[in-house]
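For reference, the structure is listed below as structure tokens.
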Amino acid sequence: MLCLKCGNEIKDNEQICSKCGYNKNTISNTDNPFGVKNQGIYNPNAVDKEKAQEKLDREKQFDQLVEIYIGNLYYNFKKGSFSWCAFLLGHIYFIYRKLYAVGILVYILNLLIYFFASATHMNLYLYGIIALIVQIFLGVTFKRFYFNECVERVAKIKQENTDKGFNQLTEIVRLKGGTNPTAVIIVLLPALVLIILFLLIFFPFILQF
């Protein structure tokens, strides 16, 4: 059934609307905008039920587009729990999730902390604590930030493609969303090259000992 107050869909086994908090067992003269007769109460100022249903369908389609944009972990990100990937991988995980600008900013922040610690001869223990605090902050905030960012990006895609149908929008969203492992490889490539060069140069000397 539809909520008598806001038009949100309420499951049969639910008593309270998840959107506006309306209790469907509570009846008042103002809580029936659809003009539904319920326990003798009728509001003559009825809202068009078809329009309310169309709005509900649009919201469902938008949620589906966001889910397609994010991928299989949609509900995990929507829940907004701690992100161990962001905690352990930092800026690399941001780039993997196509948050390129934020990933670069996180990388620059880590560099600034490192250079500041080196310039001030900061105690290694203190530097470790600061770096750990930054990583914990990323782990705590990443999922909620990423989910909200995806919602904004999908909304922008819809605004820029008002002439497209739902199926066409799903293809655009699927293409622009998801992850980018290639970008991670590109970011890590210089470090991998340096490691390989180091091994090629110093490994023969190490074997001599």
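No lab work stands behind these numbers, since they all come straight from the coordinates. All of these numbers come straight from a predicted model, not from anything done at the bench. Cβ sites come from the backbone with ideal geometry, for glycine too, and all protein chains shown count toward neighbours.
Among 126-136, 62-72, the peptide with the highest mean count of other Cβ atoms within 10 Å heads the list, and the full ranking is 62-72, 126-136. Compute the distance from the alpha-carbon center of the range 69-120 to that of the range 123-178, in whole Å. The two parts, judged by their Cα centres, are 10 Å apart. Summing charges over neighbours of Ser83, with a neighbour being any other residue whose Cβ is under 12 Å away from its Cβ, gives +4 when K and R count +1 and D and E count -1. Between Leu126 and Phe198, the FRET efficiency estimated from the beta carbon spacing at R0 = 30 angstrom works out to 0.55.
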